[in-house]
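Written out below as structure tokens is the structure these notes cover.
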Amino acid sequence: MKIAHLHLADGYNNPYTLVCSLVDESIKYKFYSGYGSSGMPNSLRNIQFYDIVNGNMKWLDKSLPLENYEDESIQEFRSRIIQMLNNSTHPVVKEIKTQVTFTN
């Protein structure tokens, strides 16, 4: 099940894609360059997280979550990922729908 499909950009406005999925009861991430599915894979450690403390940027040694909080919904987990990324070197540019339906 796809949890999140996000388009990101770095400080130079280079495009990236992050896909978060639930596979065999484990959270898996795919992070690659570009917005197409044939982009070059990147390490999740290329995403650097920060916090602003007293107007100063403080770099954090953290990574994207690999487990959810107790009683956390998929939407809450997705929102937590987006909030983390928006305080990183690769903020979210666009959230892509994870559920697509067609009409006849």
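The values are calculated or read from the model by the stated rules, or taken from the named source; none is laboratory data. If you're wondering where the values come from, they're calculated on a predicted model, not measured in any experiment. Please note: Cβ atoms are built from the backbone with ideal geometry, for glycine as well, and neighbour counts cover all protein chains shown.
Please work out if LEU18 is touching a helix residue (DSSP H, G or I) at 6+ places or on another chain (Cβ under 8 Å), modelled with pLDDT of 95 or more and within 18 Å of LYS2 (Cβ to Cβ). Yes. Here is the figure for the range 31-78: residues that are at pLDDT 95 or above, more than 22 Å from MET1 (Cα to Cα) and either surrounded by fewer than 10 Cβ atoms within 10 Å (Cβ to Cβ) or among the acidic types (Asp, Glu) (or both) total 0.
Conditions (1) under 24 Å from LYS97 (Cα atoms); (2) touching a Lys or Arg at 6+ places or on another chain (Cβ under 7 Å); (3) in a strand (DSSP E or B), marked per residue:
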site: HIS7; (1), (2), (3): yes, yes, yes
site: VAL19; (1), (2), (3): yes, yes, yes
site: LYS30; (1), (2), (3): yes, no, yes
site: ILE52; (1), (2), (3): no, no, yes
site: LEU64; (1), (2), (3): yes, no, no
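The numbered conditions (1) small (Gly, Ala, Ser); (2) outside any loop (DSSP other than H, G, I, E, B); (3) free of Cβ contacts under 8 Å to residues at least 24 places away in the same chain are all true for GLY36 except (2). For the range 16-30, a residue qualifies if it is loosely packed, with under 10 Cβ neighbours inside 10 Å and charged (D, E, K, R), and the qualifying residues are ASP24, GLU25. Evaluating MET84 against the criteria (1) surrounded by 10 or more Cβ atoms within 10 Å (Cβ to Cβ); (2) without any contact (Cβ under 8 Å) to a residue 40 or more places away in the chain; (3) farther than 13 Å from LEU18 by Cβ; (4) not small (Gly, Ala, Ser) leaves one unmet condition, (3). Is it the case that the range 67-82 has a residue that's assigned to a loop (DSSP other than H, G, I, E, B) and within 11 Å of the chain's Cα centre (by Cα)? No: zero hits.
Scanning the range 1-31 for residues that are of a type in the set (Ser, Thr, Tyr) and over 11 Å from the mean Cα position of the chain (by Cα) turns up TYR12, SER26.
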